[in-house]
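Enquirer: Please read through the structure below; I'll follow up with questions.
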Amino acid sequence: MKLQGQDAQRGGLGDAYPLCAGGNPIVAAFGFAKKTLVIAEFEVRKLMHDPTELITRAVQPALWLLVFGQVFTRVRAIPTGNMRYLDFMAPGILAQSVLFIAIFYGIAIIWERDLGIIQKFLVSPTPRTALVLGKALSAGMRSLSQACFIYALSLILGVKLNFHPLALAGVLVVVILSASFFSTLSLIIACLVKSRERFMGIGQILTMPLFFASNAIYPIQIMPAWLQVISHINPLTYEVDALRTMMLSGGVSQYGLWRDFSVLVAGTVFLVIIGGWLYPKVIR
């Protein structure tokens, strides 16, 4: 048992990247997926003990749709072509809600370090990338409640939603992918700063620029040239583009869904690998 514990603490290549450890790759992939889902289920279970978080999270998108969206739909100050501004805005508010949930998710890592939970995870045989990916998927599951709420509110407000099963499935995938992306980015920041105060400061610095330097609440074409450049490298822009395409009836992608999904998938995979490498460093 002592040797096993020492081996688990080493965190070598086979631990961080289980498919490199040898053996049957199918069995290794199945084991990796199983451990990832266990971590995700563990994180989601926390939400069941405090469901009020879902209610408080719904206040901000409701205010954006009911106040900001209604006012700017009437004044027609932002050019959105033949689309009502409220319709244009609804997918952007869903993306904003996902961002705000995920970007502060890393603070839980600091709490878990202080409570000694991370140390227990690190001495287990669970690969580091499975720990990170499991936590990322749990952030995606939390974000699904926001998607349901925004869909219901948008329907009440008369937004022309697309209820085709494939479109709904695509929206769910985008929500989970984008939440996984931003929550893993949050985890990486938490591993680097290791302090709740510094983490909250960085999180607040990131959220507003990411949101306003995207196509969430206005078209990219009306931005100044320098902001358009930033918007095109902003992952939130591609999330909004995919959501606007699939969420709205008659939605058309500006970049192509293949590019939207490629950015989100590639970015998430890259961040999970980096997060798996940095995760043990949060306790140092």
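Derivation of every value follows stated rules applied to the coordinates shown; laboratory data play no part. These figures come from a predicted structure and were not determined experimentally. Virtual Cβ from ideal backbone geometry, glycine too; neighbours counted across all protein chains shown.
Enquirer: Pairs of alpha-carbon atoms within less than 8 angstrom and 6+ residues apart define the contacts here; what relative contact order does the chain have, in percent?
Expert: Relative contact order comes out at 26 percent.
Enquirer: Same structure, new question: Taking +1 at the Cβ of each Lys and Arg and -1 at the Cβ of each Asp and Glu, which of LEU166, PRO280, LEU37 sits farthest along the dipole of the range 35-283 towards its positive end, judged by Cα position relative to the Cα centre?
Expert: Value: PRO280.
Enquirer: For the range 177-206 and the range 122-141, write down the distance between their C-alpha centroids in whole Å.
Expert: Measuring centre to centre over Cα atoms gives 16 Å.
Enquirer: Pairs of lysine in the chain with Cα under 23 Å and at least 8 positions apart or on different chains: total?
Expert: Close lysine pairs found across the chain: 19.
Enquirer: What is the spin-label model distance, in nm, from ILE26 to VAL75 if the labels are put 7 Å beyond Cα along the C-beta direction?
Expert: 6.2 nm
Enquirer: About its Cα centre, how strong a charge dipole does the chain have in debye, to the nearest 20, once Lys and Arg get +1 and Asp and Glu get -1 at the Cβ?
Expert: With Lys and Arg at +1 and Asp and Glu at -1, about 320 debye.
Enquirer: A follow-up question, please. Rounded to whole Å and ordered largest first, report the semi-axes of the equivalent ellipsoid of the chain derived from its Cα gyration tensor (root of 5λ).
Expert: Numbers: eigenvalues 266, 71, 62 Å².
Computed over the chain, the values are 36, 19, 18 Å.
Enquirer: Given the options ARG84, ARG74, ARG57, state which has the largest fluctuation in a GNM of the chain using a 10 Å cut-off (strictly under) for Cα springs.
Expert: Looking only at ARG84, ARG74, ARG57, the largest GNM fluctuation is found for ARG74.
Enquirer: For a label point 7 Å from the Cα of LEU157 along Cα→C-beta, name the residues of the range 78-104 whose backbone N is under 13 Å from it.
Expert: From the range 78-104, the list is 84-97.
Enquirer: Determine, from the Cβ-Cβ distance of VAL265 and ILE233 and an R0 of 25 Å, the FRET efficiency 1/(1 + (r/R0)^6), rounded to the nearest 0.05.
Expert: So the FRET efficiency works out to roughly 0.90.
Enquirer: Could you give the angle, 0 to 90 degrees to the nearest 10, between helix 196-212's Cα long axis and the longest principal axis of the Cα atoms of the chain?
Expert: Helix 196-212 sits roughly 30 degrees off the main axis of the chain.
Enquirer: Can you give me the distance in nm between label points at MET83 and ARG45, each placed 7 Å from the Cα along the Cα-to-Cβ direction?
Expert: 4.1 nm
Enquirer: Which of the peptides 146-158, 89-101, 219-231 is most tightly packed, and how do the rest follow, judged by the mean count of other Cβ atoms within 10 Å per residue?
Expert: 89-101, 146-158, 219-231
Enquirer: I want to check the label-to-label distance for ILE55 and SER253. Put each point 7 Å from Cα in the C-beta direction and report it in nm to one decimal.
Expert: Each label point is offset 7 Å from its Cα along the Cβ direction, giving 3.9 nm.
Enquirer: Given H placed 1.01 Å from N in the peptide plane, which residues other than close sequence neighbours of LEU248 have an amide H under 5 Å from its amide H?
Expert: Amide H neighbours of LEU248, under 5 Å, 5+ apart: ASN162.
Enquirer: Residue-wise, which Karplus ³J(HN,Hα) couplings in Hz belong to the range 238-255, taking 6.51 cos²θ - 1.76 cosθ + 1.60, θ = phi - 60°, and x for glycine or proline?
Expert: For the range 238-255, the Karplus-derived couplings read 6, 5, 4, 4, 5, 5, 5, 5, 8, 7, 9, 5, x, x, 10, 6, 7, 10 Hz, x marking Gly and Pro.
Enquirer: Taking θ as phi - 60°, what are the ³J(HN,Hα) couplings along the range 218-231 by the Karplus curve (6.51, -1.76, 1.60), each to the nearest whole Hz, with x for Gly and Pro?
Expert: These are the phi-based 3J(HN,Hα) values: 7, x, 5, 4, 8, 7, x, 4, 5, 6, 5, 4, 5, 4 Hz.
Enquirer: Among LEU236, LEU192, LEU144, which one moves the most in a GNM of the chain with springs linking Cα atoms closer than 10 Å?
Expert: LEU192
Enquirer: Give a residue-ordered list of calculated ³J(HN,Hα) values for the range 98-107 (Karplus: 6.51 cos²θ - 1.76 cosθ + 1.60, θ = phi - 60°; whole Hz; x for Gly, Pro).
Expert: Values per residue, Gly and Pro as x: 4, 4, 5, 5, 7, 5, 9, 5, x, 5 Hz.
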